[in-house]
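Student: Before anything else, here's the structure in question.
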Amino acid sequence: MSFSGRRSCSYLGSIAAAVIAASAMQAQINPTAAMQVTRPVNESQLVTRLGNVHPAVYAPNTVDRGRVDDSLQFDHLLLQLQRAPAQEQAMQSYIHSLGVPNSPNYHHFLMPAQFSQMFGLAPSDITAVTDWLASHGFIVNGVYPNLVVDFSGTARQVREAFHTEIHNLAMDGEAHIANVSDPQIPAALAGVVKGPVALHDFKPHPLTHMGIKPSVTNPNSNYTTSAGYQLLVPGDLQTIYNYNPLYAAGYSGTGQTIILLERTDLYSTGDWNTFRKVFGLTRAFPHGSLTTVHPGGKALDCADPGVLVGDDGEAAVDVEWASASAPNATIEIASCKDTSTNFGAFTALQNILLAGLAPPSASVMSLSYGSPESENGSDGNAYINDLYALAAAEGYSLFVATGDADADVTDQNRMFARHGINVNALASTTYNVAVGGTDYADSFFGINSSYWSATNTLNFESALSYIPEIPWNDSCASQLISLVFTGNPNPTGPKGNCNTSPGNQFLNTAGGSGGPSACAFGDATIPGVVSGTCSGYPKPFWQAGFPGNPSDGVRDLPDVSMFAANGVWGHYFVICYTDSAGGGTPCPSTNPSVWAGAGGTSFGAPIWAGIQALINQATVGAQGNPSPVYYALANAEYSTPVGLAACNSDQLSPSPACVFYDVTLGDNDSVCRADNDKNSPGNGLLFNCYLGGGTNGALSTSNSVYHPAYLTNSGYDFPTGIGTPNVFNLVKAFPGSKLKLP
């Protein structure tokens, strides 16, 4: 089947259509799948699904208020299903073949029902699972044979079926519920059931840093200036990353739809209109549009979430900067309200994928939320992995932000990293593109005027060309910030930057996240820390052997990067976000410098989704997971010394022929301390933290030697992946592109 038939039906926008689609999905069970449940269910023979208690249960600031009432109702719990090993391997091989040009499966993306027919469970296995749930009094709401069983019941039924109690918790003044021991399931079902996806209400968090950090303005330094901020507006993005020749050739996202996965509605669609009008997008690209949908509606447990204060700022970032990247595209917010145990953005994605709830023009998605692998739980990670695999099989390109806490995503928005190196579970699968963050290096080099005009154009842009880049890193542990304040790049020790008065301005964990997948599977015996039986996703073929990529055997993040800074080196994003309760401000049309300002890898994900929409327009079709192509194009540049030098971002003027710019200066290290709360599971231990005799240290792969986590280098590196794009060259070089200009 060719791609053109993947979603040939009309957009199933109504609740009635969604119900029909869901019913059809349930009917598509794989009749050829080998039966795995071969013995009766015996409730006295159980297996424990380890790694599925949220670390907050054991946190020293959590108060356990006891078991929830037995009558507490849980609607739409999800039971994660599991394929036989041979069937799982067949699925992975098929998805791999979708991106191999000489494969007979090349771009033969699947409809949801086809995926279930090929890779779903045997009918008898499904019956065994649903009968077991029914025997405990649960109501089975729906069965998706390639992913989950949707069921509802009470806390008592959960306790009796899964042999774990749900407790009321109080954490930092917030009320939560969570299971306090790992769930158990009958051994007879262990081959087809991984376990409940989540039995708690802790959700991923948005990855936008509202507000502007103070800039590095040391007047005695040769590395920076105090000339003020250069605010990034759409025209600047388009100049720096070379979009404009592409727009002039007619490729601006026309006919493409970008789906932004959210748990909230926008505070105001008027903000999006103001953003586009003030920055000239409405006039130059009049076909851009915005819509909000709740995929499947109540029939598929997608309630309208309304406006969730704070998260609505994330939604504003996504819609505005996706539109800045692909300004003639349709921007679609797909939002669902959180349930007690599931994340609304996942509900939206699940409904789109399983019930075909997307317009035919939609093949690109973006998600800008985070949760550490070691906190997400083994079943939660498995759910994300299978969900994203289905997206890739159906031809979607999914872009996910890596996180905003340097190399320790566990400690976002805190002064110190205490839990060691960790990566974002929402970005670490091999089926998505992980997007990291950069900053501009002109302030570090003291040459702002070489890259920014002293005056703005009518649409407020002032960037003159591509600007050299460094990793986004606000921490005192940044070697570049350390060099400015102390003359020594080592931030550790009594005289290191993180233990000086100037450096104490930068006691934070803010920066673009990246590192190795390390706890996608297994049980973290120290909550929130990569420990115990933790292990990462295997390294995908496109990373193996890539210049600079470590021989660590696991998936490494990020894949690509984009500017993400919030002001430390004088640059940040402008957004129109007027919800004052969430930190927004008015948006006067004559002075965007007083608009809300922010940074974060959450900007990069929708911007890269916009880039992929331009690629899809130029190739006239969906591409599925584009990571293998990105790496192949970058490898062609980086595999020779000449290519590495020509495309080195720090050369100040890289070759205009580069598809990717290789960022080779800086790091994504973070300030750290020992987990010194004697009541915590860490009990004073250091996790990936080198102190060097100082009170404050830096993340390191060794506690006894300073091995920074992590430095940039030529080719791939953990702070920035394969680098940032020259968008025109990327679209032109992408296989199948119709863009053939010189």
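The values are calculated or read from the model by the stated rules, or taken from the named source; none is laboratory data. Note that the coordinates shown come from a computational prediction; the quantities given were computed from them, not determined experimentally. Don't worry about glycine lacking a Cβ; one is built from the backbone with ideal geometry, like all the others, and counts go over all protein chains shown.
Student: Please work out if Gly153 is at pLDDT 95 or above and assigned by TED's automatic domain parsing to the domain that holds Leu46.
Tutor: yes
Student: Given the conditions (1) surrounded by fewer than 24 Cβ atoms within 10 Å (Cβ to Cβ); (2) on the phi < 0 side of the Ramachandran plot, which single one is not true for His419?
Tutor: (1)
Student: I'd like the full set of residues that are part of a helix (DSSP H, G or I) and either more than 17 Å from Asn351 (Cα to Cα) or at pLDDT 95 or above (or both), limited to region 106-129.
Tutor: Gln117, Met118, Phe119, Pro123, Ser124, Asp125, Ile126, Thr127, Ala128, Val129
Student: Which condition from (1) within 25 Å of Trp272 (Cα to Cα); (2) modelled with pLDDT under 95; (3) not aromatic (Phe, Trp, Tyr) is the one that Asn351 breaks?
Tutor: Of everything listed in (1) within 25 Å of Trp272 (Cα to Cα); (2) modelled with pLDDT under 95; (3) not aromatic (Phe, Trp, Tyr), Asn351 misses just condition (1).
Student: Which one of Ala170, Ala155, Ala178, Ala187 is closer than 25 Å to Glu88 by Cα, touching a strand residue (DSSP E or B) at 6+ places or on another chain (Cβ under 7 Å) and small (Gly, Ala, Ser)?
Tutor: Answer to the check: Ala187.
Student: With region 337-397 as the region, which helices (runs of 4 or more DSSP H) entirely inside it contain at least 2 residues that are small (Gly, Ala, Ser), surrounded by 24 or more Cβ atoms within 10 Å (Cβ to Cβ) and touching a Pro at 6+ places or on another chain (Cβ under 9 Å)?
Tutor: 344-355
Student: Would you check if there is a residue in region 713-727 being at pLDDT 95 or above, touching an Asp or Glu at 6+ places or on another chain (Cβ under 8 Å), part of a loop (DSSP other than H, G, I, E, B) and of a type in the set (Val, Ile, Thr)?
Tutor: yes
Yes/no per residue for (1) at pLDDT 95 or above; (2) over 16 Å from Pro372 (Cα atoms):
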{"site": "Thr492", "(1), (2)": "yes, yes"}
{"site": "Lys495", "(1), (2)": "no, yes"}
{"site": "Leu507", "(1), (2)": "no, yes"}
{"site": "Gly512", "(1), (2)": "yes, no"}
{"site": "Cys519", "(1), (2)": "yes, no"}
{"site": "Val529", "(1), (2)": "no, no"}
{"site": "Pro550", "(1), (2)": "yes, yes"}
{"site": "Gly570", "(1), (2)": "no, yes"}
{"site": "Tyr577", "(1), (2)": "yes, yes"}
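Student: Please pick out the residue among Ser501, Ser482 that is free of Cβ contacts under 8 Å to residues at least 40 places away in the same chain, buried (at least 20 other Cβ atoms within 10 Å of the Cβ) and over 25 Å from Leu426 (Cβ atoms).
Tutor: Ser482
Student: Inspect all residues belonging to region 124-138 and state whether any of them is of a type in the set (Val, Ile, Thr) and more than 23 Å from Met35 (Cβ to Cβ).
Tutor: Looking for residues that are of a type in the set (Val, Ile, Thr) and more than 23 Å from Met35 (Cβ to Cβ), one finds none in region 124-138, hence no.
Student: Filtering region 429-462 down to residues that are in contact with a Leu (Cβ under 6 Å, 6 or more places away or on another chain) and closer than 30 Å to Ser378 by Cβ, which residue is surrounded by the fewest Cβ atoms within 10 Å (Cβ to Cβ)?
Tutor: Filtering first and then ranking leaves Asn432.
Student: In this structure, does Ala733 turn out to be over 24 Å from the mean Cα position of the chain (by Cα) and without any contact (Cβ under 8 Å) to a residue 12 or more places away in the chain?
Tutor: no
Student: Oh, and also: Go through region 139-167 residue by residue and tally those that are within 21 Å of Val47 (Cα to Cα) and surrounded by fewer than 20 Cβ atoms within 10 Å (Cβ to Cβ).
Tutor: 5
Student: For region 570-593, what are the residues that are within 15 Å of Asp236 (Cβ to Cβ) and part of a loop (DSSP other than H, G, I, E, B)?
Tutor: Scanning region 570-593 gives a single hit, Gly570.
Student: Quick one: is Ser561 in the same structural domain as Gly306 (by TED's automatic domain parsing) and not in a loop (DSSP other than H, G, I, E, B)?
Tutor: It is true that Ser561 is in the same structural domain as Gly306 (by TED's automatic domain parsing) and not in a loop (DSSP other than H, G, I, E, B).
Student: Would you be able to say whether some residue in region 307-321 is outside any helix (DSSP H, G or I) and buried (at least 24 other Cβ atoms within 10 Å of the Cβ)?
Tutor: no
Student: Here is a further query. Exactly one of these conditions fails for Asp675: (1) more than 26 Å from the chain's Cα centre (by Cα); (2) under 29 Å from Gly621 (Cβ atoms). Give me its number.
Tutor: (2)
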